[in-house]
Amino acid sequence: MCVHLINLTVGYDDHVLFSGITAHARAGAVTVVLGPEGVGKSTLLRTLAGGSPALAGRVCLDGADLDALAPAERSRLVALLPDDAVPACPGLLLLDQSDSALDGPARARLTARLRELAARHDAAVVVTTRDPDLAVAAGDTLWLLTPDGLLRTGTPAHLTEAGHIAAAFDPTGHAPTRHASTGHALTGHAPTVAPEPDAPGTRAVGARRADPARVRAAVTDAATRCRYVSGTDPGDGVALRALPADRALLAEHVDQVCWALGVRETRVAASLLHFRLVAGVWSLALAAPGLVPDLDRLRVRLDPKTTLRLSLPDPGGWTAADPVPLLTRAVVDDLLRPLHDALHAATRVARGLLWGNAAASLAAALRAVPNAPAERLTAVPELAAALAGDGRRRSCCLHYRTPTATTCYDCPLTPATAPGTPPRARA
């Protein structure tokens with residue numbers, strides 16, 4: 001079961017600790033709530049456990065509002081650890097580790113226990129801590145609470161290399177924390193290339209390596225449906241995962257879109273670059289039901305005809321009866337979140353616009369290749385919030401600000417078209 005925080009405001013009495021936060025914790029994975037003392041980690045955990053009411057917003061477990069559940073049902077689905085009587089079918093397991101100082105062996109034992117609980121129960125495990133080493137070692141996803149009331153989400157690698165963890169614990173940036181596995185200082189300086197991420201299936205229940213031939217066939221099929229996918233050719237591009245970490249490289253790609261399409265506004269070019277990227281990524285990610293390619297291997301090259309092309313050399317991947325946890329991590333956590341942060345920082349393009357691009361592209365990919373399990377991805381809070389009730393996006397992709405001045409078929413600035421109507425234009 002996945003846990004979603006939707007516009008959640010947490011505090012006590014009239015004191016607000018943080019407000020309007022949106023995040024999700026995946027089933028079968030460990031989410032670590034990290035932050036210095038006094039930022040509200042324990043209060044957030046009590047809110048999830050039902051001991052402290054939310055001041056605003058909702059907490060949902062696979063779409064069900066936890067506050068609307070009967071006390072007995074909530075007690076069955078939500079467990080606060082340590083607890084000798086873990087429910088038979090827990091959806092959410094909680095552990096408050098905020099005030100504990102662990103040495104290396106104790107940290108390793110706790111990490112192993114958390115992963116075992118997540119795998120055994122296929123539950124969302126949420127643990128609070130102010131120990132960055134524990135967060136990096138144990139977390140599949142981090143919710144980083146900062147002293148100024150912000151919540152940053154992402155993988156440990158992304159938040160580490162972006163400098164967000166160091167900034168949260170030392171706003172001056174002069175006292176770096178050490179990475180648990182590499183020993184490198186967690187400063188605000190990102191490397192040219194992002195570190196190799198863990199395979200998204202390594203902690204997913206029932207996941208196993210896929211037949212390379214099946215992955216190759218799926219990638220080839222995706223290339224026939226999406227003009228931004230070139231298949232399995234190695235090409236001469238760069239690793240897609242390098243773009244969020246290397247701002248100069250990202251700016252080069254945005255500038256190429258400006259030049260190729262005659263666009264003057266950087267944020268417009270950033271949106272169009274992003275639209276093409278996510279269209280290709282979703283086409284590859286959903287190319288075959290139950291299959292999740294190794295998207296961390298994706299490469300992108302600038303192309304004079306279509307602006308860019310994605311390829312997946314030496315294709316590999318994972319299979320699982322329920323691929324949604326793999327897809328959520330591989331696409332939403334490991335790719336979209338860091339890419340959105342980088343594009344917003346570099347061009348000031350709105351994050352809501354970028355999530356609109358991602359949601360619209362996901363909907364288009366699901367129309368092209370129906371995939372009932374993958375439709376649950378639309379419940380990811382940022383993707384769900386990006387679409388209106390009629391399925392159209394809420395934000396504009398800005399294609400109307402290009403020299404062609406055309407709009408896409410689900411543009412919020414124009415009247416809705418009937419289902420199946422050919423698009424007026426595609427970004």
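The values are calculated or read from the model by the stated rules, or taken from the named source; none is laboratory data. Note that the structure is a prediction, hence the values are computed from the model and not measured. With ideal geometry, Cβ positions are generated from the backbone for all residues, glycine too; neighbour counts draw on all protein chains shown. Surface accessibility is based on the protein's heavy atoms, side chains included, excluding ligands, DNA and RNA. Shrake-Rupley method; radii C 1.70, N 1.55, O 1.52, S 1.80 Å.
Quick look at the numbers
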read-out: Residue count, the stretch 1-28 (criterion: out of contact with any Phe, Trp or Tyr (no Cβ under 9 Å at 6 or more places or on another chain), buried (at least 17 other Cβ atoms within 10 Å of the Cβ) and under 17 Å from TRP355 (Cα atoms)); value: 4
read-out: Subset of the stretch 360-385 (residues that are touching a Lys or Arg at 6+ places or on another chain (Cβ under 6 Å) and under 16 Å from SER271 (Cα atoms)); value: ALA360
read-out: Matching entry among ALA385, ALA379 (being within 20 Å of LEU286 (Cβ to Cβ) and not β-branched (Val, Ile, Thr)); value: ALA379
read-out: Among (1) part of a loop (DSSP other than H, G, I, E, B); (2) touching a residue at least 60 places away in the same chain (Cβ under 8 Å) - the single one VAL30 does not satisfy; value: (1)
read-out: Subset of the stretch 296-305 that is in contact (Cβ under 8 Å) with a residue 60 or more places away in the chain and of a type in the set (A, V, I, L, M) - its residue that is least open to solvent (accessible area, probe 1.4 Å); value: VAL300
read-out: Candidates GLY231, GLY237, GLY262, filtered to the one that is farther than 19 Å from ASP333 by Cβ and open to solvent by 40 Å² or more (accessible area, probe 1.4 Å); value: GLY262
read-out: Tabulated pairs, the stretch 150-166, first closer than 20 Å to GLU37 by Cβ, second part of a helix (DSSP H, G or I) and at pLDDT below 85, C-beta under 6 angstrom, 6+ apart or interchain; value: ILE165/LEU159
read-out: Selection within the stretch 349-381 - of a type in the set (Val, Ile, Thr) and either open to solvent by 30 Å² or more (accessible area, probe 1.4 Å) or more than 16 Å from the chain's Cα centre (by Cα) (or both); value: VAL349, VAL369, THR378
read-out: Odd one out for PRO315 among (1) under 17 Å from LEU273 (Cβ atoms); (2) in a loop (DSSP other than H, G, I, E, B); (3) of a type outside the set (Asp, Glu); (4) touching a helix residue (DSSP H, G or I) at 6+ places or on another chain (Cβ under 7 Å); value: (1)
read-out: Count of the stretch 72-87 residues which are touching a residue at least 12 places away in the same chain (Cβ under 8 Å) and either open to solvent by 70 Å² or more (accessible area, probe 1.4 Å) or not in a loop (DSSP other than H, G, I, E, B) (or both); value: 9
read-out: Verdict on THR43 being of a type in the set (S, T, N, Q), within 21 Å of the chain's Cα centre (by Cα) and surrounded by 17 or more Cβ atoms within 10 Å (Cβ to Cβ); value: no
read-out: Filtered residues of the stretch 255-272 (kept if in contact with a helix residue (DSSP H, G or I) (Cβ under 6 Å, 6 or more places away or on another chain) and not polar (S, T, N, Q)); value: VAL257, CYS258, VAL263, ARG267, VAL268, ALA269, ALA270, LEU272
read-out: Tally, over the stretch 267-287, of residues that are of a type in the set (Lys, Arg) and surrounded by 24 or more Cβ atoms within 10 Å (Cβ to Cβ); value: 1
read-out: Test result for HIS340, in contact with a Lys or Arg (Cβ under 6 Å, 6 or more places away or on another chain), crowded, with 22+ Cβ neighbours inside 10 Å and either part of a helix (DSSP H, G or I) or in contact (Cβ under 8 Å) with a residue 40 or more places away in the chain (or both); value: yes
read-out: Criterion violated by ALA245 - all others in (1) crowded, with 17+ Cβ neighbours inside 10 Å; (2) in a helix (DSSP H, G or I) satisfied; value: (2)
read-out: Residue satisfying condition, being open to solvent by 30 Å² or more (accessible area, probe 1.4 Å), within 22 Å of the chain's Cα centre (by Cα) and modelled with pLDDT under 50, within set THR182, THR202, THR187; value: THR202
read-out: The stretch 209-223 residues that are farther than 9 Å from ALA287 by Cα, paired with ones that are open to solvent by 60 Å² or more (accessible area, probe 1.4 Å) and of a type in the set (Asp, Glu) (beta carbon under 9 Å, 6 or more apart); value: PRO212/ASP314
read-out: Residues of the stretch 46-64 that turn out to be part of a loop (DSSP other than H, G, I, E, B), at pLDDT below 85 and either open to solvent by less than 40 Å² (accessible area, probe 1.4 Å) or in contact with a Gly (Cβ under 9 Å, 6 or more places away or on another chain) (or both), as a count; value: 2
